[in-house]
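Peer 1: Okay, here's the structure, questions in a sec.
The values are calculated or read from the model by the stated rules, or taken from the named source; none is laboratory data. The structure displayed is predicted, hence computed values, not measured ones. Counting neighbours? That spans all protein chains shown, and the Cβs are built from the backbone with ideal geometry, glycine included.
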Amino acid sequence: NAGVTQTPKFQVLKTGQSMTLQCAQDMNHEYMSWYRQDPGMGLRLIHYSVGAGITDQGEVPNGYNVSRSTTEDFPLRLLSAAPSQTSVYFCASSFRDRGQGVYEQYFGPGTRLTVT
Amino acid sequence: AQSVTQLGSHVSVSEGALVLLRCNYSSSVPPYLFWYVQYPNQGLQLLLKYTTGATLVKGINGFEAEFKKSETSFHLTKPSAHMSDAAEYFCAVRKFMDSNYQLIWGAGTKLIIKP
């Protein structure tokens, strides 16, 4: 099993550009999520999905879109990049514990994004 | 409202000394609690978790944590630090929010090991 994979590992964008961060998992997990990690702030939830076709907003969703057309894939789109979106982005997946959401999460290696 | 508090953004211990990383949580229902470790330039990896049952849980790499309901704490310990333990450690609590459970994360504690 590859687990959770993310591409790219590094990306530099100019302000106003758009891009998609890719995330895939091969563990048949229903629950997937995107976090951003900034120094001293832990992990903040951007968007999550409890299954194919279902997505919802987390704590910091502004400026980001997601979709979940398959169980395996959960891409994150930056619509118009801003310097405030400079961060490390992690995708994670989990079994959906008794239909009630996240259990222990498995993380990808992260994407380090810089917006200039 | 803050749900997870990790005391100390940095903790420094000597190699061979006791490691103690503190985590306090707030939850109105019995919580699920997690400790994750992040090595430099890597993703997060589960160290251990508490769901129900025995309040002292053992994890990987010799770490353990004790759930103390009366103190709303879930502190992480290791009897003897090793250089390879240098990493950032995150505590998380599962909470029910907006019709689903989510993990709420502490700000993290960087563990520094002195030779």
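Peer 1: Having 2 or more residues that are surrounded by 13 or more Cβ atoms within 10 Å (Cβ to Cβ) is the bar; report the strands (runs of 3 or more DSSP E) wholly within segment B:30-115 that clear it.
Peer 2: Values: elements: B:32-38, B:44-50, B:56-58, B:64-68, B:73-78, B:87-97, B:100-105, B:109-114.
Result: B:32-38, B:44-50, B:64-68, B:73-78, B:87-97, B:100-105, B:109-114.
Peer 1: So, B:V13, is that one crowded, with 17+ Cβ neighbours inside 10 Å, in contact with a Pro (Cβ under 9 Å, 6 or more places away or on another chain) and more than 14 Å from every other protein chain (Cβ to nearest Cβ) or not?
Peer 2: Working: crowded, with 17+ Cβ neighbours inside 10 Å: yes; in contact with a Pro (Cβ under 9 Å, 6 or more places away or on another chain): no; more than 14 Å from every other protein chain (Cβ to nearest Cβ): yes.
Answer is no for this residue.
Peer 1: Sort out which residues of segment B:75-111 are closer than 18 Å to B:E64 by Cα and among the hydrophobic types (A, V, I, L, M, F, W, C), and write them in order of number.
Peer 2: B:L76, B:A81, B:M83, B:A86, B:A87, B:F90, B:C91, B:A92, B:V93, B:L111
Peer 1: Could you figure out which of (1) within 13 Å of another protein chain (Cβ to nearest Cβ); (2) under 11 Å from the mean Cα position of the chain (by Cα) isn't true of B:L20?
Peer 2: B:L20 satisfies every listed condition except (1).
Peer 1: Sticking with this structure for a sec: Condition test on B:T77, is it over 20 Å from A:L45 (Cβ atoms) and at pLDDT below 90?
Peer 2: no
Peer 1: While we're looking at this one, here's another question. Which residue, of A:D56, A:D38, A:D73, A:D26, is of a type in the set (D, E) and within 30 Å of B:V11 (Cβ to Cβ)?
Peer 2: Being of a type in the set (D, E) and within 30 Å of B:V11 (Cβ to Cβ) holds for just one of A:D56, A:D38, A:D73, A:D26, which is A:D38.
Peer 1: Shifting gears a bit: Quick check on A:R96: is it under 10 Å from the mean Cα position of the chain (by Cα) and not polar (S, T, N, Q)? So that I can check it myself, show each step before the final result.
Peer 2: On the way: under 10 Å from the mean Cα position of the chain (by Cα): no; not polar (S, T, N, Q): yes.
No: the conditions fail for A:R96.
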